[in-house]
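K.L.:
Here you go, one structure.
The values are calculated or read from the model by the stated rules, or taken from the named source; none is laboratory data. Here the structure is a predicted model, which is why all the values come from computation and not from measurement. Don't worry about glycine lacking a Cβ; one is built from the backbone with ideal geometry, like all the others, and counts go over all protein chains shown.
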Amino acid sequence: MIDIPKSKSNSKGINFPLIFLIFILLATIWLYWYNFYIERDNSIIESRISEKELEIEKIKKDKNIQVYALISENKKILDKLESYSQITVIMNHLTYIKDNYNLILEWFSYSNWVVNTKATTDSKRVWKAYSATAYFIDNYRKDKDALFGLPFISKITWHTQISFNLKLKVKDNLINNKN
């Protein structure tokens, strides 16, 4: 009989492909499970997002929210327009001048932060009219509540009363606070 030599089994050669096959199978199973886990989380998150989008749509239909959104969107424009509409503040301050300095403001016009007016003393007695005029010119510039800068007064007339035209510019601090 012929003796066939027994080949030594190469245990390393058989074990490596087997180990590699087991690793690939485990990796495939893990990746399949991980994919399933991520898809499940994604579907949960997508359903939450769609719920929140429906809630947002309901909120957007609320009239108060719509008004608030419009105001927020146009806040700069509204603030600028508000700063231009200071006529009530200016009119109240003209009343303050009339009351505190004993002057009659016969008329006024307001445009671009400038008030034009004609001031007349409320007394026909010369010394009292002169005193009121001098008091106004001297003290208004020092008045901490003064809204206007008082420019140089170049012309004063006297007939039965002292009168003078005023061109009052709103002080910069009011303009800057509003813009």
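K.L.:
I want to confirm something. Restricting to region 112-136 and keeping residues that are surrounded by fewer than 13 Cβ atoms within 10 Å (Cβ to Cβ) and over 16 Å from Gly149 (Cα atoms), which single residue is modelled with the highest pLDDT?
P.N.:
Ala134
K.L.:
Right, something else. Do you know which residues across region 63-103 are exposed (fewer than 14 other Cβ atoms within 10 Å of the Cβ), closer than 20 Å to Ile137 by Cβ and not charged (D, E, K, R)?
P.N.:
If the condition is that a residue be exposed (fewer than 14 other Cβ atoms within 10 Å of the Cβ), closer than 20 Å to Ile137 by Cβ and not charged (D, E, K, R), then Thr95 is the only one that fits.
K.L.:
Now a separate question. Could you list, ordered by first residue, the pairs with Cβ atoms under 8 Å in which the first is in region 157-179 and exposed (fewer than 14 other Cβ atoms within 10 Å of the Cβ) and the second is at pLDDT below 80 and in a loop (DSSP other than H, G, I, E, B), at least 6 apart or interchain?
P.N.:
Thr160/Lys124
K.L.:
Is it the case that Ser109 is in the same structural domain as Val126 (by TED's automatic domain parsing), modelled with pLDDT of 85 or more and exposed (fewer than 10 other Cβ atoms within 10 Å of the Cβ)? Please lay out each step first, then the result.
P.N.:
Values: in the same structural domain as Val126 (by TED's automatic domain parsing): yes; modelled with pLDDT of 85 or more: yes; exposed (fewer than 10 other Cβ atoms within 10 Å of the Cβ): yes.
Answer is yes for this residue.
K.L.:
Quick one: Asp99 ticks every box in (1) over 30 Å from Thr133 (Cα atoms); (2) among the charged types (D, E, K, R); (3) modelled with pLDDT of 85 or more except a single one, so which number is it?
P.N.:
Result: Asp99 passes all but (1).
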